[in-house]
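These notes concern the structure reproduced below.
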Amino acid sequence: MDAAPHIVRTRVGIVGGGPAGLMLSHLLATSGIDNVVVEKRSHEAIENTHRAGILEHGSVRMLTESGVSNRVITDGDKHDGIDLRFGGVSHRIDFDALVGESVWLYPQNQVFVDLAAARRRDDGDVRFSVTDTEVLDLTTDTPKIRFTDVQGRRVELHCDFVVGADGSSSMCRRAIPATLRQGHFIEYPFAWFGILTEAPRSAPELIYANSPHGFALISQRNETVQRMYFQADPNEDAAAWSEERIWDELQRRVDGPDGLELKRGPIFEQMILKFRSYVCEPLRHGNLFLAGDAGHTVPPTGAKGLNLALADVRVLFEALDSFYSTGSSTLLDGYSETALKRVWKAQNFSYWMTSMLHTRSEASSFERKRALGELDSVVSSTYGRAYLAEAYTGWSHG
Ligand SMILES: Cc1cc2nc3c(=O)[nH]c(=O)nc-3n(C[C@H](O)[C@H](O)[C@H](O)COP(=O)(O)OP(=O)(O)OC[C@H]3O[C@@H](n4cnc5c(N)ncnc54)[C@H](O)[C@@H]3O)c2cc1C
């Protein structure tokens, strides 16, 4: 017979040590609210996973003002705009001039390093490399998380609340009976072929390029490493592409009369990133709350995934803090509705950017010309540019 699990009591049990889980843990700790994070991967594995890179100003303030770290400011790059490029011509969307805000280029794995360091510094309880995580008794006063820790011990966390911050394949979401949640879902007929390359920057800011050959994103990481993507078939075999073929494909999507030439270098990562838009409604079941990718995913075109995860956490933290300081569950009761308002705005923006900038392979000449008309109506109007700038840099947290 299995030994009885080791029981640990905490107020908030968090499944997932990504940006959502660790940020929530940090904020709760600043208010003296005891919590434990369980994470199935190792610190090293997460630190070496490359994902998002654009932080909205609100996300940056969250990291700096809550005392996580100032590294996003000292080591990240402030970007005051992006280029929308179509017909081979670049049109700058000047965020600073249009809405007085900016974004920061700062890789997600560095956000993780900062958050994990802050939790360590403050004696936070973060358990990496756990296995067999389960959540149970979610509609009772003592919801639980069971897992096997890195020493092989079976542990049972007894909590007031469980937070599912366990990413897009969320086990916590699946623990909500299917009849009590609604999934809103679409899949796109294209994916991104992404590369990381050791090369100098090809441009000072991100270039979102629409071309007859499909979309390309010319992005940066730092002085010596760059991130680029181009629209591809979701079933494309990334490993089958030679470096030369990848560079030629990227180049032809940005070719234009200004002679923009991408700076080539060795490619050390190439992968296919599939696109989907998903929202789970509601983000609560009993005393389980979902945050971040566990509750919703967006295509990366609007750079919203990581930022939405942090925005959820802001709302959830305020609700939990209010519960523990006043005993009122009003904000907790409103969490799902409040968080989903921003989620749907971000879903709309991500969908709009995706459909405006990508070209379906079977698109008619009408569709292609209409898309160019749409791009032109955005860049030739102050209001169009301002809408894009406001959404991209992030709506204020009302
Ligand atoms: C390849 C890739 C590229 C991306 N690029 C961009 C981009 O350019 N821009 C953008 O905005 N977004 C991008 N995203 C999305 C962005 O990375 C996510 O929105 C963000 O990571 C969400 O944070 P999260 O904390 O909610 O989830 P995650 O970062 O996924 O963290 C969830 C954590 O939970 C852990 N976990 C899962 N199941 C369990 C379990 N059963 N027990 C314990 N732990 C568990 C996971 O190991 C993980 O560490 C990208 C995503 C991918 C996959």
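Return a yes/no flag: does the stretch 144-166 have any residue that is in contact with a Gly (Cβ under 7 Å, 6 or more places away or on another chain) and within 30 Å of Asn235 (Cβ to Cβ).
Yes, the stretch 144-166 contains a residue that is in contact with a Gly (Cβ under 7 Å, 6 or more places away or on another chain) and within 30 Å of Asn235 (Cβ to Cβ).
Would you please name the residue that is surrounded by the fewest Cβ atoms within 10 Å (Cβ to Cβ), looking only at residues in the stretch 301-316 that are aliphatic (A, V, I, L, M) and near the ligand (Cβ under 6 Å from one of its atoms)?
So in the stretch 301-316, the residues aliphatic (A, V, I, L, M) come out as 303, 306, 308-311, 313, 315-316.
When the remaining residues are screened for being near the ligand (Cβ under 6 Å from one of its atoms), the result is 303, 306, 309.
On the way: Ala303: 26, Leu306: 24, Ala309: 27.
Applying the filter and picking the extreme gives Leu306.
Within the stretch 162-178, can you find the residues that are part of a strand (DSSP E or B) and either near the ligand (Cβ under 8 Å from one of its atoms) or not hydrophobic (A, V, I, L, M, F, W, C) (or both)?
Going through the stretch 162-178, the residues part of a strand (DSSP E or B) turn out to be 162-164.
If the condition is that a residue be part of a strand (DSSP E or B) and either near the ligand (Cβ under 8 Å from one of its atoms) or not hydrophobic (A, V, I, L, M, F, W, C) (or both), then Gly164 is the only one that fits.
For the stretch 223-260, give me each residue that is assigned to a strand (DSSP E or B), under 14 Å from Trp192 (Cα atoms) and among the aliphatic types (A, V, I, L, M). Spell out the reasoning first.
Of the residues in the stretch 223-260, the ones assigned to a strand (DSSP E or B) are 225-232.
Now drop any that are not under 14 Å from Trp192 (Cα atoms), which leaves 227-232.
Across the stretch 223-260, the qualifying residues are Met228, Ala232.
Give the residues of the stretch 39-88 that are touching a His at 6+ places or on another chain (Cβ under 9 Å) and outside the structural domain of Asn109 (by TED's automatic domain parsing), sorted by residue number.
Within the stretch 39-88, Asp83, Leu84, Arg85 meet the criteria.
Run Lys263 past the list (1) within 25 Å of Ser396 (Cα to Cα); (2) in a loop (DSSP other than H, G, I, E, B) and report the number of the one that doesn't hold.
Evaluating Lys263 over (1) within 25 Å of Ser396 (Cα to Cα); (2) in a loop (DSSP other than H, G, I, E, B) leaves (1) as the failure.
Determine the pairs where a residue that is among the polar types (S, T, N, Q), located within the stretch 249-264, has a partner that is surrounded by 16 or more Cβ atoms within 10 Å (Cβ to Cβ) with Cβ atoms under 6 Å apart, the partner being 6 or more residues away or on another chain.
Short answer, once both residue conditions are applied: Gln251/Leu262.
Is it the case that some residue within the stretch 168-191 is buried (at least 21 other Cβ atoms within 10 Å of the Cβ), more than 20 Å from the chain's Cα centre (by Cα) and of a type in the set (S, T, N, Q)?
Scanning the stretch 168-191, I find no residue that is buried (at least 21 other Cβ atoms within 10 Å of the Cβ), more than 20 Å from the chain's Cα centre (by Cα) and of a type in the set (S, T, N, Q), so the answer is no.
Just one of (1) closer than 30 Å to Asn287 by Cα; (2) among the aliphatic types (A, V, I, L, M); (3) in contact with a strand residue (DSSP E or B) (Cβ under 6 Å, 6 or more places away or on another chain) trips up Val111, so point out which.
Checking Val111 against (1) closer than 30 Å to Asn287 by Cα; (2) among the aliphatic types (A, V, I, L, M); (3) in contact with a strand residue (DSSP E or B) (Cβ under 6 Å, 6 or more places away or on another chain), the one that fails is (3).
Scan the stretch 1-39 residue by residue and report those that are among the polar types (S, T, N, Q) and surrounded by fewer than 22 Cβ atoms within 10 Å (Cβ to Cβ).
Going through the stretch 1-39, the residues among the polar types (S, T, N, Q) turn out to be 10, 25, 30-31, 35.
Result: Thr10, Thr30, Ser31.
Restricting to the stretch 100-118, name every residue that is buried (at least 20 other Cβ atoms within 10 Å of the Cβ) and more than 15 Å from Gly76 (Cβ to Cβ).
Ala116, Ala118
Please go through the stretch 179-216 and give me each residue that is outside any strand (DSSP E or B) and either within 30 Å of Leu288 (Cβ to Cβ) or assigned by TED's automatic domain parsing to the domain that holds His50 (or both), ordered by number. Working first, answer last.
Kept after step one, since they are outside any strand (DSSP E or B), are these residues of the stretch 179-216: 179-181, 199-206, 211-215.
Of everything in the stretch 179-216, those that are outside any strand (DSSP E or B) and either within 30 Å of Leu288 (Cβ to Cβ) or assigned by TED's automatic domain parsing to the domain that holds His50 (or both) turn out to be Thr179, Leu180, Arg181.
Condition first: of a type outside the set (Asp, Glu), touching a residue at least 60 places away in the same chain (Cβ under 8 Å) and within 11 Å of the ligand (Cβ to nearest atom). Now tell me which residues in the stretch 281-300 satisfy that.
Residues satisfying the conditions are Leu290, Ala291, Gly292, Ala294, Gly295, Thr297, Pro299, Pro300.
Please indicate, with yes or no, whether at least one residue in the stretch 8-24 is in a loop (DSSP other than H, G, I, E, B) and more than 8 Å from the ligand (Cβ to nearest atom). It would help to see each step written out before you state the result.
Our first condition is that a residue be in a loop (DSSP other than H, G, I, E, B); within the stretch 8-24, this holds for 10-11, 16-18.
Cutting the leftovers down to more than 8 Å from the ligand (Cβ to nearest atom) gives us 10-11.
There is at least one residue in the stretch 8-24 that is in a loop (DSSP other than H, G, I, E, B) and more than 8 Å from the ligand (Cβ to nearest atom).
The values are calculated or read from the model by the stated rules, or taken from the named source; none is laboratory data. Fair warning: this is a prediction, and the values are worked out from it, not measured in the lab. Note: ideal-geometry Cβ built from the backbone for every residue, glycine included; neighbour counts use all protein chains shown.
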